[in-house]
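The values are calculated or read from the model by the stated rules, or taken from the named source; none is laboratory data. Everything quoted here is computed from the prediction, not taken from an experiment. All Cβ positions, glycine included, derive from the backbone under ideal geometry; neighbour counts span all protein chains shown. Protein only, heavy atoms only, side chains kept; ligands, DNA and RNA dropped before computing areas. Shrake-Rupley method; radii C 1.70, N 1.55, O 1.52, S 1.80 Å.
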Amino acid sequence: MADIWLMRHGAYEGHRPGYHAPHEAALTQEGREQVRRSLPLPEGVTAIVTSPIPRARQTAALVSHLTGLPIVATSGLLAEWHAPSIVLGRTAETYPPAYCAWRARRLANPSLRCEDGESLTDLHTRARHCAAFLHHTAQRHGPLLAVSHTLFLGVLTHLQEGPAAFVTAARTPWKFTERRLFTACQSTALHLQRHER
């Protein structure tokens, strides 16, 4: 099976610890420099896929420009966890009570949503479908670089934990432009194919 490399986007406007970035937050100059410093890519990568969120899409576009590799797909499956809009642009000390209450109950009831946010169950299901998407895309285009976001990448690389992978992901964030080989892709995709027949 073709290798799949996962990469977090570069630094973006307004970033600080515990911050839920607005959708439109763009790469900073430092973020663009981080992307440049992240090259060269692992040997053999032939194509790029990316989240549609601007900071990831801009990272992928810069990698494509600097390497000549094509972006073969932009997929919402790679988007960051859909945080409820009541926390976008906020940090932990300013989270509203409704979000704090959801956080306290999210593991006991992973299907619970906070307002317009994505539940932990929905996020885990999307990550499983993303694993299958990456596997099929790598079969078609060869070794891939997939550009995404820290929480989503954490869930994707801890799929075996189920919806609780969200908590692991939050405790172990990826550094900007960090890359890791996605080793769980084939078994996850095959597991999905067996259960979808």
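In this structure, does THR28 turn out to be of a type in the set (Ser, Thr, Tyr) and open to solvent by less than 20 Å² (accessible area, probe 1.4 Å)?
No, not satisfied.
Among the residues of the range 24-42, which ones are farther than 11 Å from HIS9 by Cβ, assigned to a loop (DSSP other than H, G, I, E, B) and out of contact with any Phe, Trp or Tyr (no Cβ under 8 Å at 6 or more places or on another chain)?
GLU24, LEU39, PRO40
Name, by its number, the condition in (1) open to solvent by less than 40 Å² (accessible area, probe 1.4 Å); (2) in contact (Cβ under 8 Å) with a residue 40 or more places away in the chain that does not hold for LEU159.
Here LEU159 meets the rest and fails (2).
Filter the helices (runs of 4 or more DSSP H) completely within the range 89-167 down to those with at least 2 residues that are closer than 26 Å to LEU27 by Cα.
120-141, 150-156
Looking at LEU112, LEU123, LEU181, can you tell me which residue is open to solvent by less than 20 Å² (accessible area, probe 1.4 Å) and modelled with pLDDT of 95 or more?
Just a single option satisfies the conditions, and that option is LEU123.
Between a first residue in the range 1-21 that is more than 14 Å from VAL35 (Cα to Cα) and a second residue that is of a type in the set (D, E, K, R) and part of a loop (DSSP other than H, G, I, E, B), which pairs have beta carbons less than 7 Å apart while being 6 or more apart in sequence or on different chains?
HIS20/ARG90
Taking only pairs six or more apart or across chains, which ones have beta-carbon atoms under 8 Å, a first residue in the range 66-91 that is in contact (Cβ under 8 Å) with a residue 60 or more places away in the chain and farther than 19 Å from ARG140 by Cβ, and a second residue that is small (Gly, Ala, Ser) and open to solvent by 20 Å² or more (accessible area, probe 1.4 Å)?
GLY89/GLY14; THR91/GLY18
Could you check SER75 against (1) in contact with a helix residue (DSSP H, G or I) (Cβ under 7 Å, 6 or more places away or on another chain); (2) among the polar types (S, T, N, Q); (3) open to solvent by 40 Å² or more (accessible area, probe 1.4 Å) and say which number it fails?
The number of the failed condition is (3).
Does ARG8 satisfy being under 14 Å from PHE176 (Cα atoms) and surrounded by fewer than 18 Cβ atoms within 10 Å (Cβ to Cβ)?
No, not satisfied.
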